[in-house]
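I have placed the structure first, in the form of C-alpha cells, so that the comments after it can refer back to it.
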Amino acid sequence: MKEIRAFSAPGKALLAGGYLVLDPKYESFVVALSARMHAVVSSSQIPTNNRELIVQVKSSQFNNNEWNYSVSKGQGFIPKEKDGKSNPFIEYTISNVCSYFFDIESFDNHITIEIYSDAEYHSTENSTIMSNKYKSFHFHKKNIQDVPKTGLGSSAGLVTVLTTALSSVFLKNLDVSDSKYQHIIHSLAQISHCQAQGKIGSGFDVAAATYGSIIYRRFPPEIISQLPQLSVDNVEKYHVTLKDTVDKCDWKMTASPTNLPKGFKLIMGDVNTGSETVKLVQKVNKWYADNEPQSLDIFNCINENNMKIIQLCQKLDLLSKADPLYYSHLLESLHNGSTDDFKELKEFKVAFSTIRKTFRLITKESGADIEPAIQTQLLDNCMQIDGVLTGVVPGAGGFDAISLIAAETTDIESATVGLETFANVSWMKLKQAECGIMEENPQHYLDLHVTN
Ligand SMILES: Nc1ncnc2c1ncn2[C@@H]1O[C@H](COP(=O)(O)OP(=O)(O)O)[C@@H](O)[C@H]1O
Ligand SMILES: C[C@@](O)(CCOP(=O)(O)OP(=O)(O)O)CC(=O)O
C-alpha cells in the first residue's frame, strides 16, 4: 500500500546576532518566517533482490526539475543519479538519512518526494501561479539554480523538510512535535547542510527551520568536523559515528522558543541586489584577528545589545499580560510619535541603533559592507514611517534585505507607495512563522491549477 505524508519548514531572518552567532559563546535571535519549504512524500515496497532504494525527488516549480537516485549500502549510501544530474543538498540528505536508519529491518524502498517552495524564497519574475483551495506556488521556466533567491534560507528549509520526509519512511510513527524526533531531524539536517555547503556555518537557518523562532547558541563545529568522509570503504564506520553523533553526543547548543512581543510584527524588505555572505564573513574574520583585543570589545558591545533585545522581547510580552492598559498605550505610541515616553521602547530603539552604529564601524574598518551607506539611509527613512519602531540589516547584512520591527497595525505598503525613497524595496508578504517543522495534509497539494 502507498503511504503519503507531507511536511513543511519555515525560512529565517537573523534579527540579532550576525557574525557573533558563528562563535558558541554568543546567543542570537532568529525569527522563523511564514515562507515555508514543503515536501510531500509517498512510498511503497517494490520487490528487489538487494536492499536498494529508489528515491525520486521532484521540484516541478523549477522547469520540472527532478532527480532520480538509486541508493544502496554497497554504494556507500552515495546516491547515483540516473542522468548524472546533481543537487548536493538532496544527495547529502539522502546519504545521511539512509546511513542513520539503515539497520532498520524493513522499509519502503520506492520513495517519491515532491518539493514545493513558497513564493517569497525566490524572485517571482516571469512565473506562473498555480493554486488550489489551500496552497499557492509560483512555477518558473528556469532551473532551480538559475532563479534568483531572496535570502530566506531555501537550502536549509529544503534539507530540513527533506530529512523529515525521508525519515518518515523509516519511522512510521514519526511525530514532528516530539522533541526526540526534532533532535534527530535537526542533527541530520545540520550535518547534511554543512556537508553540501562544504563549510560548517553557524546553522541558525537549519535550527529555525526545525524549531521555529528561537534564541540560538550554535553547536561546536567539531561535532560535525569529526565525522569521517562517507565512502564505499567506510560505510560501517560512518554509520556508527553518525549514530553516536546524533543519539549520544551532547550538541551543547541552545534553541529556546521565542517570539516578537504581542502587537508587534516583523517586516522584511527585499532590496534586490544581493551580497555574498562567505566573502563578508572572511573580511570580518580578518578584521577581527587584525584588531584584537579591541575587536573583542566591539563584539561584546554588540552582544550586550543583542541580549538586551532578547530580554526586552520577553519583558514586553510579560507586560502585555500583566498590564494590558499600559501596553495598549505603548502600542498606540508607535502611531502617534510618542515611543520615547515608554522606556521599554526607548531601550529597544537604543539597542538596535547601537548595534547598527557598531556594524557601521566594522563596515568602515573591515571593508565588509555590513551596513553600507545606502542601507543606512533606507533604514533611517523607514524609521520615520508611521508604526515602525526600529530596523536593522538582518544576518550578514549587505545589500540583500532590511528587517523592520513595527506595530502589527502598520500598513507599510500604503505608507511607501509611489515614494522615490522606497523605490528599490519590495515589501515581502511575510510574517513570523507559528512553528518550525510541521506536518501538513498531503491532500492540500493536489490539483494545483493555473490562476494568473
Ligand atoms: N525548491 C527547491 N528545489 C530543489 N532544490 C532547491 C530548492 N530550493 C533550494 N534548493 C537547493 O538549494 C540551493 C540554494 O542554496 P543556497 O545557495 O545555500 O541558497 P540559500 O541561501 O537560499 O539557502 C539551490 O541551488 C538548490 O540546489
Ligand atoms: C554572518 C552569519 O553570521 C549570518 C549570515 O546570515 P544570512 O541570513 O545573511 O545568511 P545566508 O542566508 O547564509 O546568506 C554567517 C552564519 O551565521 O553562518
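A short reminder: the numbers here are calculations on the coordinates, not readings from a lab. Fair warning: this is a prediction, and the values are worked out from it, not measured in the lab. With ideal geometry, Cβ positions are generated from the backbone for all residues, glycine too; neighbour counts draw on all protein chains shown.
Full extension of the chain segment joining residue 262 with residue 75 gains 62.1 nm, where the gain is 0.36 nm per residue of separation less the Cα-Cα distance.
Separation of the alpha carbons by more than 30 angstrom is noted, of 58/149; 25/180; 252/315; 141/364; 149/431; 357/429, for 141/364.
Each Lys or Arg adds one and each Asp or Glu subtracts one; over the other residues with Cβ under 12 Å from the Cβ of residue 39, this totals 0. Computed from Cα positions, the angle between helix 294-322 and the longest principal axis of the chain comes to roughly 90 degrees.
Could you compute the net charge surrounding residue 332? Neighbours are other residues with a C-beta less than 13 Å from the C-beta of residue 332; K and R count +1, D and E count -1.
Taking every other residue near residue 332 into account, the sum is -3.
Over all Cα atoms in the stretch 11-155, the spread is summed up by Rg and Dmax: 18.0, 53 Å. Straight-line cross-link partners of residue 283 among the aspartates and glutamates, defined as a Cα under 19 Å from its Cα and at least 8 positions apart when in the same chain: 23, 292, 297, 365, 369, 371, 400. Kirkwood-type hydrodynamic radius, the chain: 23.1 Å, calculated from all non-identical alpha-carbon pairs. Working ranking of peptides 69-82, 318-331, 393-406 by packing, defined as the average number of other Cβ atoms within 10 Å per residue, highest first, is 393-406, 69-82, 318-331. Taken along its principal axes, the alpha carbon cloud of the stretch 96-229 reaches lengths of 44, 34, 29 Å, longest axis first. A convex hull fitted around the alpha carbon atoms of the stretch 264-427 yields 104 Å³ per residue. In terms of packing, defined here as the mean over residues of other Cβ atoms within 10 angstrom, the peptides 92-98, 161-167 line up highest first as 161-167, 92-98. Near residue 219, once Lys and Arg are set to +1 and Asp and Glu to -1 for all other residues with Cβ below 10 Å from its Cβ, the sum equals +1.
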